[in-house]
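The values are calculated or read from the model by the stated rules, or taken from the named source; none is laboratory data. Computed from a predicted structure; not experimentally measured. Cβ: placed from backbone, ideal geometry, glycine included. Neighbour counts: every protein chain shown.
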Amino acid sequence: MVDPDAYAGTANGDYEPPVPIRTPPIWAWPPRPVAALRWFVDSLLYPWVGFYLVLSIAIWRWLLPSEETMATLRAGWILQIWIRNLALLLLVAGGLHWSLHMRRRQDRDFKFNGRWPAESRKFLWRSQVRDNMFWTLVSGGFFWTAYESLTHWAYASGLVGRPDWASNPVYVFLMATLGVVLWSTAHFWANHRLLHWRPLYRIAHELHHRNVNPGPWSGISMHPLEHLIYFSSFLLWWVVPVHPIVILMCGMYQGPGPAPSHSGFERVRLVGRWEIPAGDLFHQLHHRYFEVNYGNTQAPIDKLTGTWHDGTREAQERLKGRRRADQVA
């Protein structure tokens, strides 16, 4: 067990956070309401989901085109959304990269992998960072904008109805936080398992997995086919009526959302001793071992399917056993 309040590293400089990785108390039985509420506030809302929620409300209030404007598909307002989405990717992924990898404000403290981004022929321009930025901004920005714009248009044009109850503040808050997170996690697990099917992996998903040592720009550095599948999470809102804030939150969670979890650092130092959670050991282990942790911890589907790796030696031995059994089969 590692002291969570102190930097720990192996001989090669890799940070080893405390293990095992546990499931959230919202899934506990018998129920643990106090622990579940504390997890919702301290681990789900703080800091990133709360940050995206504030941004979503601000965009809805001041930057989102009017319903009348979005009722007709026109390049002008779609371009406005596209520029805004690129700016958000630059703010979150670019900001983390600038602080952690360019300025190296905290050196290797809390860095899962002691190495820095790679220079290799497998990346465009032989640069992991430039390669990741290209796929994130060009392909990721396009598909995020396309799905979001079409969803706004579907509501504004009357193709999808928005009943009055869809604007109830409690419903909006729960759907924009827990609803978006749980739906995105379930959707991600399903499309991620699909993308590990060998033909699709070779065509598309292999591009993302070049990032054995991911950084902030690796979050949605994907092949266009993977972006087409990944951002299809927006399609739920065509059948489940929601407020525009929920649609915006879905884009936030899917777009810049993976940047912190792929940042390569478990925590980011801000001012003085103030640190916020960033990287995710759970997904870091997927980039390291490929055949585990296809989803996220918020909806522990990997527990049910036997692919949960909690970071312990016992979990690693189970993975080795699965691999040996697969080779024999």
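Structure notes:
- For the condition at pLDDT 95 or above, surrounded by fewer than 18 Cβ atoms within 10 Å (Cβ to Cβ) and within 26 Å of Gly251 (Cβ to Cβ), Leu137 does not qualify.
- Selected residue (only one of Leu96, Leu79 is assigned to a helix (DSSP H, G or I), touching a residue at least 24 places away in the same chain (Cβ under 8 Å) and either buried (at least 19 other Cβ atoms within 10 Å of the Cβ) or among the aliphatic types (A, V, I, L, M) (or both)): Leu96
- Looking across segment 268-299, the residues that are assigned to a helix (DSSP H, G or I), of a type outside the set (Phe, Trp, Tyr) and out of contact with any helix residue (DSSP H, G or I) (no Cβ under 8 Å at 6 or more places or on another chain) come down to Leu281, Gln284, Leu285, His286, Arg288.
- Put simply, of Asp310, Asp302 the only residue that is modelled with pLDDT of 95 or more, assigned to a helix (DSSP H, G or I) and farther than 17 Å from His97 by Cα is Asp302.
- Residue match in segment 252-274 (condition: among the β-branched types (Val, Ile, Thr) and touching a Lys or Arg at 6+ places or on another chain (Cβ under 7 Å)): no
- Filter result for Ala118 (within 30 Å of Leu270 (Cα to Cα), among the hydrophobic types (A, V, I, L, M, F, W, C) and modelled with pLDDT under 95): yes
- When segment 237-270 is filtered for residues that are in contact (Cβ under 8 Å) with a residue 60 or more places away in the chain, closer than 14 Å to Trp48 by Cα and not aliphatic (A, V, I, L, M), the ones remaining, listed by number, are Cys250, Gly251, Tyr253, Gln254, Gly255, Pro256, Gly257, Pro260, Ser263, Glu266, Arg267.
- The criterion of at least 1 residues that are touching a residue at least 60 places away in the same chain (Cβ under 8 Å) and more than 21 Å from Val54 (Cα to Cα) is met by the following helices (runs of 4 or more DSSP H) wholly inside segment 166-236: 180-195, 206-209, 224-230.
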